[in-house]
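All remarks here apply to the structure that follows.
Since every read-out is calculated from the coordinates, none of them should be taken as a lab result. Keep in mind the model is a prediction, meaning the values are calculated, not measured. Cβ atoms come from the backbone with ideal geometry, glycine included; neighbour counts cover every protein chain shown.
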Amino acid sequence: MRIERTRRFTYLAMLSAMAITLNLLETAILPPVFGFFRVGLANIIALVTIRILGVKDMIIVNVMRVVIGSLLSGTFLGSMFWISCGGIVLSSLVLVLLDHLHSSLLFTSVFSSIAHSVGQTLVVMVFYMQPGILAILPYFLLISIPTGLLTGTIAKLVLKRIKPLRKDAWKEE
């Protein structure tokens, strides 16, 4: 029992570190698509976490990613922090729902990506009091599909190599 708890904590720490690192690297190195849209490589870790550890741990990884990532990048409690929170909250809700429904990983990833874009757009709209920002939402949704497919495909490849710790884990064909 103690070994299992230690293993789970170790996985959680490593996955959190990977999510934070991917988030910071993507922000620092990869240029945004169309000037302001990021691929969302750290979402790979959220997909992997929910499948191998479960919902509670995925939420912990996502919160750690946003809070620690914003602390390290100097954006904590600034507008970028709240925009990230909006995306993470909505995409995490979608991840939880689709995990409960045992949706395919690619389907889950695409809809999580779409939810992330919607969440961020809504926060920008409220934060800057600019309802006109909704005009670019269709473009975000279109870009969310290939980025969701990319992150879902990578997560699927990773999951083939990792043993799930969830008791209710299910294999995807």
Residue ranges of DSSP H helices in the chain that stretch 24 Å or more (Cα, own long axis) and have mean Kyte-Doolittle hydropathy of at least 0.0 are 2-28, 55-73, 79-100, 105-127, 137-159
Just to be sure I understand the model, the point goes 7 Å from the Cα along the line to the Cβ. What's the resulting Ile154 to Arg7 distance in nm? 2.7
Calculated [θ] (222 nm, deg cm²/dmol) that DSSP helices of n ≥ 4 give over the chain, each run adding -39,500 (n - 2.57): -25000 deg cm²/dmol
Out of every Cα pair in region 1-90, what percent are spaced more than 16 Å from each other? 54
Relative contact order as a percentage, the chain, C-alpha pairs under 8 Å and 6+ apart, gives 25
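Take the alpha carbon gyration tensor of region 16-65, find the square roots of its eigenvalues, order them as a ≥ b ≥ c, and report rounded if a/c is under 1.5; if not, report prolate when a/b exceeds b/c, else oblate.
Prolate, since a/c reaches 1.5 and a/b exceeds b/c.
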The simple spin-label model distance between Ile145 and Val67, using points 7 Å out along Cα→Cβ, in nm, is 3.7
Two-decimal log10 I(q)/I(0) for region 90-154, as the Debye equation yields it once each C-alpha is a single scatterer, q = 0.11 Å⁻¹: -0.27
If the only charges are +1 at each Lys and Arg Cβ and -1 at each Asp and Glu Cβ, what is the size of the charge dipole of region 1-129 around the Cα centre, to the nearest 20 debye? 340
Quick check on region 48-99: what does the Kirkwood estimate of hydrodynamic radius come out to from the alpha carbon pairs, in Å? 11.3
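Determine, from the Cβ-Cβ distance of Ser79 and Lys163 and an R0 of 35 Å, the FRET efficiency 1/(1 + (r/R0)^6), rounded to the nearest 0.05.
Calculated transfer efficiency: 0.30.
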